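Here is the structure we will look at, set down as structure tokens.
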Amino acid sequence: MECRVLSIQSHVVRGYVGNKSASFPLQVLGFEVDSINSVQFSNHTGYSHWKGQVLTADELHVLYEGIKLNKVHQYDYVLTGYTRDTSFLEMVVDIIQELKRANPNLVYVCDPVLGDHGSMYVPQNLYPVYKNKVVPVADIITPNQFEAELLTGKNITTEKDAVEVMDLLHAMGPDTVVITSSDLPSRLGDRFLVSLGSQRKVRPDGSRTTQRVRMEVHKVDAVFVGTGDLFAAMLLAWTHHYPDDLKMACEKTFSVMHHVIQRTISYAHELAGPGRRPSPPQLELRMVQSKADIEDPAIFLKSFFCPPINTSTRRALVLKRISPRRQSACDRITRDLCLVSGAPACSIHPKVI
Amino acid sequence: MECRVLSIQSHVVRGYVGNKSATFPLQVLGFEVDSINSVQFSNHTGYAHWKGQVLTAEELNVLYEGIKLNQVNRYDYILTGYSRDSSFLETVVDIIQELKKANPSLVYVCDPVMGDHGAMYVPEYLLPVYRDKVVPLADILTPNQFEAELLTGRKITTEEDALEVMDLLHKLGPETVVLTSTDLPSKRGDQFLVALGSQNIVKADGTKTSQKICMDMPKVDAVFVGTGDLFAAMLLAWTHHHPKDLKAACEKTASVMHHVIRRTMTYANEMAGPGKRPSPAQLELRMVQSKADIENPAVVRRTLVLNVFMYQCNN
């Protein structure tokens, strides 16, 4: 596999965020990773202290110039994440536009990091840059619910809202959207959160189709840093292997996340000791220890297809008069999900969306 | 295995030198690698063009301060390589001294990069800094013949000379020395170069001696960049697993080098096409493609013969 990724993210001396979080897993999966470090900090900003230096937009340009002068600016993917600087972000957009001219098949995977849980944690002036310049050149985006709402100006309170928001995001540019986390109630109870995905494709006959998926993801009682960066990197990898099957790509991606997080939380608790909350250093992702899971993620969770349902089927479902074949398929999915996730068996009525 | 390495080397956006060359293989082998990037360049300086920024000694100190303030300045290994700035190198020395106070068992693996084939390719004033400050702190040293001669003031024309030079280097500080390449004639002919190693050991009865080894390495008709950095990183890894057996450590290290270089050469020639010399871009090490060899370097028996000579050195 000859696949080259340009990743423009932070570098931390210690720990796993930004390029530290994305590079090793991608390399382990056989991707060539060229990395431009947008900052170099001692560690991520969740520690008590952090120190380091940032790269300016000009310095970014100089590095890109070096690559271009050597005529090695051919990339299959570009990957970006957390940024705090509008001029830097605008330079990134210029670079991506040029790279897309050099390779029209380039796929830009963008994590539009703006904030979470209702508030922004980057300067407000980044929002219009993402909305008007960055997202329109993105092919795959991984916003959380807050970022998706911010970018589209529409709030998400139901799954139907989420689907509409994803369609609005498609209209802005990206054919693949994954809402990495939301506050929607999970079918499996409050120990789970809901993630959704949507991928727009053009069939051979020219008609358009959209595949939607829904994942019920186990919540973990800890604050991790770098997981979003790992997620975007792994989504890049698995959509590369399954470009027309978002369900499969998401199953693999979320499974990697699960294994890395489980390993990390066990180790963190071991280090912290009984009854004590682990510290940020203790909670650093157990990345190198998770190599085998990264290479070959055992599918931990299953995702639902959310098929478009026509009126007569909808009526049938509501009245619970669905065909035995459909009923047993739903039962099987439900059962698998509960078994796999370890949640107690529950009954789920097929939901219409 | 819980083993944390602090590696202070260059970063290139594209390609494999410095930290790009050292980090992935060490991570693949299960080491936690903290990396301070001494520079960020677009690519190594063997390309037609290169652009980027350097880290000052002050900025290096600031990064280290951040690590220290969080009380996570505990390392099992330090790894350094190519440096062009004496004040940067001196700050590295200060940091290592502090880290050794925090962990007296810390092992400093040092590639004293100064030049090759009779000429220096770093500023001359780095030599006294290496000789008087850096090498005395090093535990494992990987000079080439030229660097070994510079550090000891002795020329190497015979194997005897090489053994004496390694003993002189031991006296400067490091318990383990590997002469990564020499001009000594190989018993296997001119398609091979000679590398040597020496490790001080204390025998069961308390007497000091040293284990010396000699390796014949196949020459390759190409200029690689980043191989020295990969070598030092892998020597770190394999001496970690074989702390008292330099022969085993060197066999594994040399095998990794062999597999990576062979894979790289094949690919480069493919890319260049028949009869054409590959370019620097085409000669970049096939690092991610060599993951399996890095994890488990099959010791190459036929092309690589390792002769082990045990010399009794009564110190």
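Which order do the peptides B:93-100, A:200-207, A:14-21, A:35-42 come out in when sorted by mean C-beta neighbours inside 10 angstrom, highest first?
With the highest mean Cβ count within 10 Å placed first, the list reads A:14-21, A:35-42, B:93-100, A:200-207.
What is the total of Lys pairs in the stretch B:181-292 with C-alpha atoms under 24 Å apart, excluding same-chain pairs fewer than 8 positions apart?
Going through the stretch B:181-292 pair by pair, I get 20.
Give a residue-ordered list of calculated ³J(HN,Hα) values for the stretch B:220-230 (Karplus: 6.51 cos²θ - 1.76 cosθ + 1.60, θ = phi - 60°; whole Hz; x for Gly, Pro).
My calculation for the stretch B:220-230 gives 10, 7, 6, 9, 9, 10, x, 5, x, 5, 5 Hz in order.
Suppose the chain between residue B:183 and residue B:4 were pulled fully straight at 0.36 nm per residue; how much longer would it get relative to their current alpha carbon spacing?
60.9 nm
How much accessible area per residue does the stretch A:1-155 have, counting only protein heavy atoms and a probe of 1.4 Å, in square angstrom?
Roughly 35 Å² per residue, with all protein chains present.
Could you give the C-alpha radius of gyration of chain B expressed as a fraction of 2.2 N^0.38 Å, taking N as the number of residues it contains?
0.96
Per DSSP helix of 4 or more residues, -39500 (n - 2.57); summed, then divided by the residues of chain B. What does that give at 222 nm, rounded to the nearest 500?
Taken over chain B, the calculation gives -11500 deg cm²/dmol.
How long is the gain from residue A:299 to residue A:205 if the chain were fully straight, where each residue apart is worth 0.36 nm and the alpha carbon distance is subtracted?
Additional length available on full extension: 30.5 nm.
Between residue A:65 and residue A:220, what is the spin-label point distance in nm, taking each point 7 Å from the Cα along the Cα→C-beta axis?
Here the modelled spin labels are 4.3 nm apart.
When the convex hull of the C-alpha atoms of the stretch B:1-158 is computed, what volume per residue in Å³ does it have?
Dividing the Cα hull volume of the stretch B:1-158 by its residues yields 132 Å³.
Need the list of lysines near residue A:252 for cross-linking: C-alpha distance under 18 angstrom, and skip anything on the same chain fewer than eight residues off.
Candidates past the 8-residue exclusion: A:219, A:291, A:302.
Considering lysine pairs in the stretch A:1-137 that are 8 or more places apart or on different chains, how many have Cα atoms under 28 Å apart?
13
Pull up all non-local amide H partners of residue B:33: gap of 5 or more, or a different chain, and H-to-H distance under 5 Å with H placed in the peptide plane.
Hits under the 5 Å cutoff: B:5.
Count the lysine pairs in the stretch B:8-130 that are 8 or more places apart or on different chains: how many have C-alpha atoms under 28 angstrom apart?
Lysine pairs satisfying the spacing and distance rule in the stretch B:8-130 number 5.
Between residue A:107 and residues 5 or more places away or on another chain, which pairs have amide H atoms under 5 Å apart, with H built 1.01 Å from N, and which residues are they?
A:77, A:78
Could you give me the ³J(HN,Hα) list for the stretch B:34-49, computed from phi with Karplus coefficients 6.51, -1.76, 1.60 and θ = phi - 60°, whole Hz, x at Gly and Pro?
8, 10, 9, 8, 6, 8, 10, 10, 4, 6, 6, 7, x, 6, 4, 9
Would you report the distance distribution of C-alpha pairs in the protein assembly as shown as whole percents per 20 angstrom bin, up to the bin with the largest distance?
Using 20 Å bins, I get a P(r) of 17, 48, 27, 8, 1 for the protein assembly as shown.
Mind giving me the nanometre distance, one decimal, between the label points for residue B:277 and residue B:295, set 7 Å out from Cα along Cα→Cβ?
3.8
Work out from phi, with θ = phi - 60° and the Karplus expression 6.51 cos²θ - 1.76 cosθ + 1.60, the ³J(HN,Hα) of each residue of the stretch B:74-87, listed in order in whole Hz, and give x for Gly and Pro.
Taking θ as phi minus 60°, the curve returns 10, 10, 8, 9, 10, 9, 10, x, 4, 9, 10, 10, 5, 5 Hz for the stretch B:74-87.
If I compute solvent accessible area with a 1.4 Å probe over the protein chains, what percent of it on the stretch B:53-162 is carbon and sulfur?
The value for the stretch B:53-162 is 50 percent carbon and sulfur by accessible area.
Dividing the alpha-carbon radius of gyration of the stretch A:117-274 by 2.2 N^0.38 Å (N being the number of residues), what value is obtained?
Compactness ratio reported: 1.09.
With the crude spin-label approximation of a point 7 Å out along Cα→Cβ, what separation in nm comes out for residue B:154 versus residue A:49?
4.4
The values are calculated or read from the model by the stated rules, or taken from the named source; none is laboratory data. This one's a predicted model, so the numbers in the text were calculated from it and none came from an experiment. Using ideal geometry, Cβ is built from the backbone for each residue, glycine included, and neighbour counts are taken over all protein chains shown. We work out accessible area using only protein heavy atoms, side chains counted, and drop any ligands, DNA or RNA first. Shrake-Rupley method; radii C 1.70, N 1.55, O 1.52, S 1.80 Å.
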